[in-house]
Amino acid sequence: MMMAQRSQAMVFATALILGLARAQNGTGSVTDLASYMTHINATRNDSSPVVLNIDTQDTTKRNATAPYLYGLMHEDISHSGDGGIYAELLANRAFQGSNWNTTNLPDYNGSVIGVSENTIEPVAPVLTAWNTIGNGTRILLDRFHPISSAVPTGIEIDFPEDATGEHGFQNHGWWGMNVEPQQYNVSFYVQGNYPRNQANLTTFTVSLRSNLTGEVFASSTIANVSVPFIDSVQLFTTLHPNCTAPNSNNTFVVSFDGEAIRWQTYYFSLFSLMPETFKGTPNGLRKDIAEAFYDMKPSFLRFPGGNNLEGFSPQTRWKWNETLGPLIDRPGRPGNWGYYTTQGLGLMEYLMWTEDMEVERVLAVYSGFSLDIWGVSGPSYPLDRMPEVLQEALDGAWYTRVACLYYLSSMLIWSTEIEFCMGNITSKWGSVRASLGHPEPFDIKFVEIGNEDWFSSTYPYRWKFMYEGLKAAYPNITYISTAYNEASASYGYNITIPPGVLWDTHHYEEPSFFVRGFDFYDNWQETTNQPGAQVFLGEFSALQIDTPSHVVNFSFPEEKHIFYPRLVSALAEGVYLLGLERNPNGKSAKRVTPYLSWKLTFGWYNWTPDMIGFDADPSHTVRSASYWQQWLFAHYRGTQSLPITNSEGDYNPLFWGATLDEGKNCVYLKIINILGDSVPLTVNIPQPYKSVNGTILTAADLNSYNYIYNQTEVVPKPLSIPASASTPASYGGAAKFQWDVPRFSLTVLQFDL
């Protein structure tokens, strides 16, 4: 994610968010959008016929398609981790930190901390999401009874001397919580106050309730607990609702009989309310969001980011070893997007994510550069300290050998991320992985060195050091550079991409940029003098409408910004991806093209547009127009690219590409029409085929988009092909398939051979 937008991170809902929420609920019309588009400026206004000839016979003209189209990328932004795909339902479950934002102030250089939940110490713990039940019940933060060094803060609950009836406290979740028939696993730590409680036995009742009516959907009692006074005890139970709550405005409650706990005090910390997860993996993924990604048939996952990898300082970067093991040992950290992250979604959870979805892993490793509150620059490790960075990725034996080259052979090695993933159980970190329940290694085929390092002036020496050290240790891994020529204007350098290495390029642009870039990769290696280099399109989206200046405004002005992916987004991004698909070998061999997986919660956002929108209610989850474009491309990807000649007409407004699926013995022809009129199309295939069918993505307006309660405005639908064109006997030889390509549409035609 480009940190040019970092200063826009929002801590509290604003009038803008409320306005967007109204749009999400379907009020108004797309024609009322301040950033309404009538057409893509780069469109050639030509609806004349196009004739395509697909060569299915000359096998010498084919190329194997890129094997990793398409994939996922995840970074905890817009609460896409905590509160999002990480299934934990309780907000602020361990009182680890708080929200803040950055802003620009007069007379100060760069941005500074602005509004903060904790007004005394930004990012310090708060009581957000918690409140008491019963008159006189008191709640406050407690640091006298830490459950571990990683989780030093909890809450103190004091009950009054005249307590009667129900007393306790509750958590409101991440903008509410979903309640439906399933098992919810509950746990928390508790310790008693000896002078007040003495040796009393305590009964705890936990429940899920409506915050509006008080209706109890599920309840469980943990009875007659002898609560310890020296150390905390962790208690467990389960909840089993037998109905679905009418909405997500629900709470998690811990309650007591008031008369039984008069004058008593308890210390609580690290609560958890975990619903059933994707594929049942412990501490795993929220099912509806994970299933949306899984349904797309991804090939890989890039993790853990993103700017969130780098931190706002070297000390607060994403430290993989602090995300391992029991939650009680994970301190969390102030993330890069205005909120504290629990790191419940840690390295092991990411690895299990890839295993559950059966995808390859693209592991991003810290490369010695961190961002800063100031803006899009920050500190870099000097060359003589780069071994400290490299040590996080290499095993001891290899690192010692590499370090000798830099006269640092005496340095001790403690952290070895790749060894944790790939090492056998006899290695130091492989044995740690095995102790966490996964003795089998996770194979790592791709390692990305840093993230958007063109924000720094130091990537040339950092890239060289990290690449050479990693390559010496793990020669079979494919490495990814996060910069090529992006810093040529600001810092005066280009990175030479070695053969076989990928360049991670990011594009947040106007629709016309993607249309004009259709042929960018045709001769990329030759025009850039990067022989053998490969391309990884790591992040992309149509961010704003076409403007005369073509300059993208990252402050998201309403009259320019595309807040939710529209049909125009799907079409423009699809054209760009078609350009990539038709260059699987030679020009940009073994390309990896990911799917932008940042997600929007309707209660908080850092960045838009987003592929999936969500809140606490799974029925509100929105798969965007851009999501469905990538879904189509991922579902219909052949194994061999096929040559196409156009004997009539040319690219723009029609764009096309064809592949052969050898397993299904069929041809996929992808056709995108960015014009506001239909275009007559004739397709010639020089061999008989049995049938043809199609799937189309279109909508009533170029600006149509999906939103809550109208999630199907822009979705793929079966194509209605005229009966005269679908008679099997008419196909093959000199016969022609003829069809008018609808306006503003993306279509996949499948010819069964």
Candidate set: the stretch 404-444, residues that are of a type in the set (Ser, Thr, Tyr), surrounded by fewer than 14 Cβ atoms within 10 Å (Cβ to Cβ) and farther than 22 Å from Asn476 by Cα; chosen: the one modelled with the lowest pLDDT: Ser410
Residue list for the stretch 35-58, restricted to those being hydrophobic (A, V, I, L, M, F, W, C) and part of a strand (DSSP E or B): Val50, Val51, Leu52, Ile54
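Looking only at strands (runs of 3 or more DSSP E) that fall completely inside the stretch 198-248, which ones have 1 or more residues that are within 32 Å of the chain's Cα centre (by Cα), loosely packed, with under 12 Cβ neighbours inside 10 Å and of a type outside the set (A, V, I, L, M)?
Passing ranges, in order: 233-239.
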Top-ranked residue of the stretch 515-540 - restricted to ones that are in a helix (DSSP H, G or I) and among the polar types (S, T, N, Q), ranked as surrounded by the most Cβ atoms within 10 Å (Cβ to Cβ): Gln525
Search result, residues across the stretch 700-714 that are at pLDDT 95 or above, surrounded by 18 or more Cβ atoms within 10 Å (Cβ to Cβ) and among the hydrophobic types (A, V, I, L, M, F, W, C): Leu702, Val714
Qualifying residues in the stretch 292-315 (those that are among the hydrophobic types (A, V, I, L, M, F, W, C) and assigned to a loop (DSSP other than H, G, I, E, B)) - the one farthest from the chain's Cα centre (by Cα): Phe312
Within the stretch 287-306, tally of residues that are under 23 Å from Pro67 (Cβ atoms) and of a type in the set (Asp, Glu): 1
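Looking at the stretch 318-357, which of its residues are among the aliphatic types (A, V, I, L, M) and either under 19 Å from Ala129 (Cα atoms) or not in a helix (DSSP H, G or I) (or both)?
Listed by number, the residues that qualify are Leu324, Leu345.
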Wholly within the stretch 59-153, strands (runs of 3 or more DSSP E) carrying at least 3 residues that are buried (at least 23 other Cβ atoms within 10 Å of the Cβ) and without any contact (Cβ under 8 Å) to a residue 24 or more places away in the chain: none
Thr316, sole failed condition from (1) crowded, with 22+ Cβ neighbours inside 10 Å; (2) closer than 11 Å to Leu371 by Cβ; (3) among the β-branched types (Val, Ile, Thr): (1)
Boolean, Phe252 is more than 30 Å from Trp631 (Cα to Cα), in a loop (DSSP other than H, G, I, E, B) and either in contact (Cβ under 8 Å) with a residue 40 or more places away in the chain or touching a strand residue (DSSP E or B) at 6+ places or on another chain (Cβ under 8 Å) (or both): no
Output for the stretch 186-218, where each listed residue is hydroxyl-bearing (Ser, Thr, Tyr) and under 26 Å from Leu89 (Cβ atoms): Ser187, Tyr189, Thr202, Thr203, Thr205, Ser207, Ser210, Thr213
Output for the stretch 544-573, where each listed residue is buried (at least 24 other Cβ atoms within 10 Å of the Cβ) and within 23 Å of Ile671 (Cα to Cα): Pro565, Arg566, Leu567, Val568, Ser569, Ala570, Leu571, Ala572, Glu573
Test: residue in the stretch 290-300 that is farther than 29 Å from Ala124 by Cβ, among the aliphatic types (A, V, I, L, M) and assigned by TED's automatic domain parsing to the domain that holds Gly165: no
Count - residues of the stretch 660-691 that are touching a Pro at 6+ places or on another chain (Cβ under 9 Å) and crowded, with 19+ Cβ neighbours inside 10 Å: 7
Which numbered condition Gly657 misses (of (1) modelled with pLDDT of 95 or more; (2) out of contact with any Asp or Glu (no Cβ under 6 Å at 6 or more places or on another chain)): (2)
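The values are calculated or read from the model by the stated rules, or taken from the named source; none is laboratory data. The model shown is predicted, which means the values in this text are computed figures rather than measured ones. Note that we place each Cβ from the backbone using ideal geometry, even for glycine, and neighbour counts take in every protein chain shown.
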